[in-house]
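Below is one structure; the comments refer to it alone.
The values are calculated or read from the model by the stated rules, or taken from the named source; none is laboratory data. From a predicted model like this one, the values you see are computed outputs, not experimental measurements. No Cβ is skipped: glycine too gets one built from the backbone with ideal geometry, and neighbour counts run over all protein chains shown.
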Amino acid sequence: MSAFGTVFAPEMSLASYEQGQWSAAQIVKTDSISLHPGAHVLHYSSTCFEGLKAFKHEDGSINIFRMDQNIARLIQSSELLSLPPVNAEQLKQMIVDIVKRFAADVPLPPGSMYIRPTHIGTEASIGKAAAPSSASMLYILLSPVGDYFSGGSKPLRLLLADETRCASHMGMVKSGGNYASALQPILKARKSVQADQVLFCPAGDVQETGAANFILIDGNEIITKSLDSSFLHGITRNSILAIARDRGMTVSERALSVDELLQRSQKPGAEAALSGTAAVLTPVGTLIHDGKEYTVGNGEAGPTTNALRQALNDIQWGKTADKHGWLTKVC
Ligand SMILES: *Cc1c(COP(=O)(O)O)cnc(C)c1O
């Protein structure tokens with residue numbers, strides 16, 4: 001099985017913005033775009049993206065999960081980066097068209113078709129360090145993906161770090177520069193303490209990892225940081241919280257300090273997990289802080305984490321009623 005995100009459909013949907021308007025969307029070869037070396041995105045990081053999935057159901061239908069939420073987030077990211085305004089209707093049509101075109105290549109569960117809308121500033125101008133790109137390109141890449149957990153879902157080791165993942169006013173923007181700024185801390189954590197990820201906790205406030213949100217489960221309560229502009233508002237996070245509420249759990253969206261996290265995670269039965277589109281809900285087994293290791297609960301994937309992940313997968317895979325109306329059937 002190829003590594004996640006390395007296999008692409010041979011074609012993508014593409015639209016360009018120039019002189020104040022969007023072109024009609026076209027289907028083009030995936031490797032066909034050309035960029036000027038002075039393109040705004042290559043110098044001043046005018047780039048944002050989304051990640052969502054299409055699922056094949058047993059009846060053969062293809063269904064996209066929470067597409068409207070991802071479209072709204074790409075529109076918001078584009079605004080916050082001063083990229084040209086994305087047209088929600090056009091973007092939706094582009095996603096639906098390209099997924100339909102490659103419907104036969106959508107893997108069966110636990111696989112899916114990962115969809116990567118991308119918006120970049122293309123104006124050739126290295127003089128615009130402090131000005132927006134007047135031109136842009138929006139394209140939808142497709143990447144069939146297999147079971148994220150095919151190697152078994154070994155609980156993760158997280159290093160709690162007292163630093164920020166990215167500039168604090170950019171945290172809710174799904175933009176390349178944020179991943180660049182998180183990379184060195186992550187590489188250092190892998191090397192120094194064999195951590196899988198860094199849990200960024202600036203000034204002791206538990207935020208998120210490099211590309212996933214963090215939740216703590218203590219008995220019937222699920223605790224996660226309330227939304228603010230400092231971190232990415234995950235759609236998986238939102239979905240897991242909705243499912244938890246449906247199941248009668250207490251959902252506490254509030255500040256969580258490192259001290260409280262370390263203390264509560266020691267309780268028998270405590271669970272912690274990372275949420276995101278790629279991995280859905282991944283158990284966390286160990287927290288590392290100030291040179292000490294803390295096992296979360298018994299260090300294994302907990303029953304609530306597994307049940308919440310299963311409940312979300314059941315909706316995505318068409319095995320249970322989609323009562324929140326999260327799926328868009330494209331064919
Ligand atoms: C994409 C992303 C997430 C998860 O968002 P989902 O909508 O659940 O996929 C969380 N944190 C960061 C930094 C992300 O880039």
Report task. Please indicate, with yes or no, whether at least one residue in the stretch 137-153 is assigned to a loop (DSSP other than H, G, I, E, B), within 15 Å of Leu42 (Cα to Cα) and modelled with pLDDT of 95 or more. Result -> no
Requested in this report: Could you look through the stretch 273-285, keep only residues that are closer than 15 Å to Val206 by Cα and either touching a residue at least 60 places away in the same chain (Cβ under 8 Å) or of a type in the set (Val, Ile, Thr) (or both), and pick out the one that is farthest from the ligand (Cβ to nearest atom)?
Outcome: Val284
Query raised in the report: Looking only at the stretch 311-323, which residues are part of a loop (DSSP other than H, G, I, E, B) and either crowded, with 21+ Cβ neighbours inside 10 Å or touching a helix residue (DSSP H, G or I) at 6+ places or on another chain (Cβ under 7 Å) (or both)?
Result: Thr320, Asp322
**Report entry** Test result for Ile27, aliphatic (A, V, I, L, M), touching a residue at least 12 places away in the same chain (Cβ under 8 Å) and assigned to a loop (DSSP other than H, G, I, E, B)
**Finding:** no
Query raised in the report: Name the residues in the stretch 233-242 that are part of a loop (DSSP other than H, G, I, E, B) and more than 15 Å from Arg254 (Cα to Cα), would you?
Result: Gly234
**Report entry** Residue within the stretch 175-185 that is touching a Ser or Thr at 6+ places or on another chain (Cβ under 9 Å), outside any helix (DSSP H, G or I) and either acidic (Asp, Glu) or within 16 Å of the ligand (Cβ to nearest atom) (or both) present
**Finding:** yes
Query raised in the report: Which condition does Thr209 not pass, out of (1) surrounded by fewer than 19 Cβ atoms within 10 Å (Cβ to Cβ); (2) within 16 Å of the ligand (Cβ to nearest atom), if it passes all the others?
Result: (1)
**Report entry** Identity of the residue in the stretch 24-54, over 18 Å from Ile75 (Cβ atoms) and among the hydroxyl-bearing types (Ser, Thr, Tyr), that ends up nearest to the ligand (Cβ to nearest atom)
**Finding:** Ser45
Report task. Within the stretch 251-274, identify whether any single residue is closer than 21 Å to Pro109 by Cα and not acidic (Asp, Glu), and answer yes or no. Result -> yes
Requested in this report: Go through the stretch 1-37 and give me each residue that's modelled with pLDDT of 95 or more, among the small types (Gly, Ala, Ser) and loosely packed, with under 14 Cβ neighbours inside 10 Å.
Outcome: Gly20, Ser23, Ala24, Ser34
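Which of the residues belonging to the stretch 150-167 are surrounded by fewer than 14 Cβ atoms within 10 Å (Cβ to Cβ) and within 16 Å of the ligand (Cβ to nearest atom)?
Once the filter is applied, which keeps residues that are surrounded by fewer than 14 Cβ atoms within 10 Å (Cβ to Cβ) and within 16 Å of the ligand (Cβ to nearest atom), the stretch 150-167 yields Glu163, Ala167.
Of all the strands (runs of 3 or more DSSP E) wholly in the stretch 243-310, which have at least 1 residues that are modelled with pLDDT of 95 or more and in contact with a Gly (Cβ under 8 Å, 6 or more places away or on another chain)?
Correct list: 271-276, 280-289, 292-295.
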